[in-house]
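What follows is a single structure, written as structure tokens, with notes after it.
The values are calculated or read from the model by the stated rules, or taken from the named source; none is laboratory data. As the structure is a prediction and not an experimental result, all values here were calculated from the model. Here Cβ is always computed from backbone atoms with ideal geometry, including for glycine, and neighbour counts include all displayed protein chains.
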Amino acid sequence: MTEPPSRLYLITPPKIDPNTFREAFKAALDGGDIGAAQLRLKDVDDDGIKRACEALLPIATSYGVTFLMNDRPDLALEMGCDGVHIGQDDGTYKQSREIVGPNSIIGVTCHDSRHLSMEAAEEGADYVAFGAFFPTTTKQAKFTADPEIIEWWHDIMLPPCVAIGGITLENCRPLAQAGADMLAVVSGVWDHPKGPTGAVQEFNKIFADVVGTNVASS
């Protein structure tokens, strides 16, 4: 059976003006298939996060794209997001599940750790995220992951896995080949010379090409 292609997992830049960024967000979603979008703002107060969510969540919903909140299960619930992504320092999966309820998505950062990822899966995480795979300017990465951990996860575990950290059009192919269900991208989309629409189109071409290559070689 042919494996489905990897999908994009869009993450917002750490600081945005919701009134102007909504057009860039629409442009990205116009580019093609996107598995999920995450609102991740740094050094922004709750009111700023809520304003951004109010601007972007309806757009994601209209395109059928899953919309997640970073770090804050309380705000994810309050704003009606589809779920939340939590890091290892953002409370436990159990605490987040108690806040958002049984039907929301919870993804868990697992860095480069097989132990953390298996623990998250056993607790019920809807997906796990590995990384950083490459140097990134959006976050100080304390861990470096290798595509081999994606291959390992893909072969033995059922929940989806997300690859994150410095992913661009130039370096994404090995992660898609390793079996990443989604690739989380920030500047690789928002700062691309072709704009968000062109970047999303190019990522999806690569993902489709990886599937085609795998089928041809099998």
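Residues in the stretch 130-147 that are within 14 Å of the chain's Cα centre (by Cα) and small (Gly, Ala, Ser): 131, 132. Reported count of residues in the stretch 108-150, each being outside any loop (DSSP other than H, G, I, E, B) and surrounded by 15 or more Cβ atoms within 10 Å (Cβ to Cβ), is 16. Here residue 71 passes the criteria (1) over 21 Å from residue 10 (Cβ atoms); (2) out of contact with any Ser or Thr (no Cβ under 8 Å at 6 or more places or on another chain) except the one numbered (1). When residue 57 is tested against (1) under 29 Å from residue 142 (Cβ atoms); (2) in contact with a helix residue (DSSP H, G or I) (Cβ under 7 Å, 6 or more places away or on another chain), only condition (1) is not met. Can residue 33 be described as at pLDDT below 95 and surrounded by fewer than 17 Cβ atoms within 10 Å (Cβ to Cβ)? Here the answer is no, as residue 33 does not meet what is asked.
Scanning the stretch 10-34 for residues that are more than 20 Å from residue 79 (Cα to Cα) and touching a residue at least 12 places away in the same chain (Cβ under 8 Å) yields a total of 9.
Between 183, 175, which is under 26 Å from residue 104 (Cα atoms), touching a residue at least 24 places away in the same chain (Cβ under 8 Å) and not in a loop (DSSP other than H, G, I, E, B)? Can you show your working first?
Values: 175 fails: under 26 Å from residue 104 (Cα atoms).
Result: 183 is the single residue among 183, 175 that is under 26 Å from residue 104 (Cα atoms), touching a residue at least 24 places away in the same chain (Cβ under 8 Å) and not in a loop (DSSP other than H, G, I, E, B).
Of the residues examined, residue 195 is not one that is over 19 Å from residue 38 (Cβ atoms), in contact with a His (Cβ under 6 Å, 6 or more places away or on another chain), surrounded by 15 or more Cβ atoms within 10 Å (Cβ to Cβ) and not aliphatic (A, V, I, L, M).
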